[in-house]
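Here the structure comes first, spelled out in structure tokens, and everything after it is commentary.
The values are calculated or read from the model by the stated rules, or taken from the named source; none is laboratory data. It should be emphasised that the depicted structure is a prediction, and the values quoted were computed from it without experimental measurement. Backbone-built Cβ (ideal geometry, glycine too); neighbour counts: all protein chains shown.
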Amino acid sequence: PEQVVDLNTIPSTLVQRTEIVTGGSSAVYGSDAITGVVNFIIRDDFEGVEARAQLNMDRPTGTPVYNFDLTVGGNFAENRGNLVVSGNYLKRGAITRGERGSFAYDSLVDGCVVPGTGSADSAGTPFRSTGTNGCVAAGGQLGFIRSGSGDIPNGRFSGLPAAGGSNTALNAAYAAAGLSGLGTRGFTFNNTGTAARPALTPQDDFNLGPFNYLIQPQERYMINSFGHYDFADNITGYTELHFSNNVVDAQLAPTNIGTTTLFNVNNPYLTPGLQEVFRQLDRAETGVSTVTAGTSTLTNRPGDGLAAITAGRRYVEVGPRLATERRNVFRGAWGLRGKLGDVSENFLTDLKYDIYYTYARSEDTLLLRNAISRSRLQAALLSVN
């Protein structure tokens, strides 16, 4: 586990003050305190009832954060003891990158835009020039254009020889399949999957903003209890109890796979034109290679009926990738402390003791959903049924 203190587990309503000790603290607090320590001093004499309610809202989206505290405490046994119990509930809504209104975080890259479009923090309209001149000379303006992931829902198939090369059979297959203008971005399909065309950027790029969390949702329950009792002038018993349940969700764009994949050249889901393209790619392979897909490793040879292509696809039908982390923490401390006095006026003065026992337990559960098995996906793509 990470050796990091979660300050959220400290009840803010019971913090009396903080002490910052800088440098030279390792002799008292151990080697981890070489640079200093921060001590949170908790109130040990709280009496009464205190309730707090707080509502924060994100201005562009209206997403709320609710925070409630209730503290109850009092003295007993003629003020020789004190017991306090404090509870907290927090609930925070989620905000995705695409929900921030005019502050929405898009993937931006340098580019050439139509003059007058875009700004210092937003994308402009891409300026297309068929000439060989620079952006400004051609009538455009330097600015930001939208970018994104090249792994897209309709699939982007790359790592292919560009059209117009020395392989005449492959060029003919490209032309018959509507890919005579194929470049380094490869090709993609139309929305119905019935025709292929050269892939474009940034028009075809996948925007991660609507899916990826900028602010993660959170729900937390927490209860703390502190108590002490003076058994005698120099003997004080004390106890500290803490329990918290914290649930945080994470969300990312749907799973993408953008690695070398083997395709059967007779795949019935391909058009006859693309089957011929894949067949020519298979024949143009120059040697034996291996393709790793998850836990499976496959061998590819020229003319074996399998074409090795970099297939980049975003599996939106599966839904966004989700992760839920649930953490339960319990800590208890019980002890006796007091003063022992002085051994002499000049030696071992103001002696104190603190005898305690602590027990802590943390349970962390992480649930991942909507991932894809690469080995099974590869097996499905090789099927001809």
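Things to note:
- Per this entry, residue 96 is not counted among residues that are over 20 Å from residue 248 (Cβ atoms), buried (at least 17 other Cβ atoms within 10 Å of the Cβ) and either among the hydroxyl-bearing types (Ser, Thr, Tyr) or at pLDDT below 95 (or both).
- Candidates in segment 330-345 are the residues that are of a type outside the set (Gly, Ala, Ser) and surrounded by 13 or more Cβ atoms within 10 Å (Cβ to Cβ); of these, the one that is farthest from the chain's Cα centre (by Cα) is 339.
- Note on segment 359-377: among residues that are at pLDDT below 95 and in a loop (DSSP other than H, G, I, E, B), the one that is nearest to the chain's Cα centre (by Cα) is 371.
- Extreme residue, farthest from residue 153 (Cα to Cα), among residues of segment 199-223 that are outside any loop (DSSP other than H, G, I, E, B) and modelled with pLDDT of 95 or more: 223
- Which numbered condition residue 148 misses (of (1) at pLDDT 90 or above; (2) crowded, with 19+ Cβ neighbours inside 10 Å): (1)
- Qualifying residue in segment 284-294 (condition: touching a residue at least 60 places away in the same chain (Cβ under 8 Å) and among the charged types (D, E, K, R)): no
- Residues that are crowded, with 16+ Cβ neighbours inside 10 Å and more than 37 Å from the chain's Cα centre (by Cα) within segment 260-277 comprise 265, 271, 273, 274, 275, 276, 277, listed in sequence order.
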